[in-house]
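One structure below.
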Amino acid sequence: GEITTSANLDYEDSSFYELDVEARDRPGLQDRAKVFITILDVNDNVPEVVVTSGSRSVAESTPPGTVIALFQVYDRDSGPNGLVTCSISRSLPFELEKSVDNYYRLVTNTVLDREHVSMYNITVTATDEGRPPLSTEILISLNVADINDNSPAFPHSSYSVYVPENNPRGTSIFSVTAYDPDSNENARVVYSLSEDTLQGPSVSSYVSINSDTGVLYVLH
């Protein structure tokens, strides 16, 4: 009368079985009994994370509390084995906010600076409360989009240049370079001369500058 398993049992497929057992003697008399089998859950399923919406880039001017991604976690186990919590590194300028139905929001908790960090790889870890606990990880990559928040700057506030007299017209006499930490068009620097005067005539009548390279040329 020993009852044994004939296959691996899976709590997630069926957590309860009802068996009818019949006993019969040789003359043909019989009796029946029911056997109720309850399957106990073990922590054999890792949590699942499904990203329902998200952004691949965010402007560096974005205020704190901006939603970067929305995702939901699942665990097919039951009880503590199916309870899942999510976490990210505390060193990142982001945090997780838990919502209803096991939804989480990934939001910024400070103003981002592209010139400091231009891209983040955010690892979200989902861990259940089973013994031993099981966990899974997803990676969210986020680019920080540039805004024009930096002015061009020269390395020095003034320069001294010495040019011998009787120089050929159009001689290159100096080159200046300004640096802008922004990117793409926000970092493109255009050079020009201010319309100051030099003993009467304007500076631009003596000197010209290449607007793209910053090279100075004498005109006389």
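The values are calculated or read from the model by the stated rules, or taken from the named source; none is laboratory data. Keep in mind the model is a prediction, meaning the values are calculated, not measured. Reconstructed Cβ throughout: ideal geometry from the backbone, glycine too, with neighbour counts over all protein chains shown. The area values use the complete protein model at the heavy-atom level, side chains included, leaving out ligands, DNA and RNA. Shrake-Rupley method; radii C 1.70, N 1.55, O 1.52, S 1.80 Å.
Farther than 18 Å from T136 by Cβ and among the polar types (S, T, N, Q), is that true of S89? Answer is no for this residue. Run down V144, V73 and say which single residue is in a strand (DSSP E or B) and in contact with a Pro (Cβ under 8 Å, 6 or more places away or on another chain). So the residue among V144, V73 that is in a strand (DSSP E or B) and in contact with a Pro (Cβ under 8 Å, 6 or more places away or on another chain) is V73. Looking only at residues in the stretch 22-45 that are acidic (D, E) and assigned to a loop (DSSP other than H, G, I, E, B), the one that is least open to solvent (accessible area, probe 1.4 Å) is D41. Taken together, the residues in the stretch 129-148 that are closer than 22 Å to F94 by Cα and of a type outside the set (A, V, I, L, M, F, W, C) amount to 6.
When R169, R114, R131 are checked against the criterion of being in a loop (DSSP other than H, G, I, E, B) and surrounded by 15 or more Cβ atoms within 10 Å (Cβ to Cβ), a single residue qualifies: R114. Is one or more of the residues making up the stretch 117-126 open to solvent by less than 60 Å² (accessible area, probe 1.4 Å) and touching a Lys or Arg at 6+ places or on another chain (Cβ under 7 Å)? Within the stretch 117-126, not a single residue is open to solvent by less than 60 Å² (accessible area, probe 1.4 Å) and touching a Lys or Arg at 6+ places or on another chain (Cβ under 7 Å). For the stretch 63-72, the condition holds for at least one residue, the condition being that it is surrounded by 11 or more Cβ atoms within 10 Å (Cβ to Cβ) and among the small types (G, A, S). The set of residues in the stretch 192-220 being of a type in the set (F, W, Y) and in a strand (DSSP E or B) consists of Y217 alone.
Taking the stretch 1-15 as the search range and keeping residues that are of a type outside the set (V, I, T) and either open to solvent by less than 100 Å² (accessible area, probe 1.4 Å) or under 12 Å from V42 (Cβ atoms) (or both), which one is nearest to the chain's Cα centre (by Cα)? It comes out as E12.
Residues in the stretch 85-106 that are in a strand (DSSP E or B), within 11 Å of V73 (Cβ to Cβ) and open to solvent by 60 Å² or more (accessible area, probe 1.4 Å): T85, K98, Y103. All of V49, V21 fail the test of being of a type in the set (A, V, I, L, M), in contact (Cβ under 8 Å) with a residue 12 or more places away in the chain and out of contact with any Cys (no Cβ under 9 Å at 6 or more places or on another chain), apart from V21. In the set (1) over 16 Å from E48 (Cβ atoms); (2) open to solvent by less than 20 Å² (accessible area, probe 1.4 Å), the condition left unmet by N109 is number (2). Going by the structure shown, is S78 farther than 18 Å from N121 by Cβ, among the small types (G, A, S) and open to solvent by less than 70 Å² (accessible area, probe 1.4 Å)? Judged against the criteria, S78 is a match. Put simply, of V163, V189 the only residue that is assigned to a loop (DSSP other than H, G, I, E, B) and modelled with pLDDT under 95 is V163.
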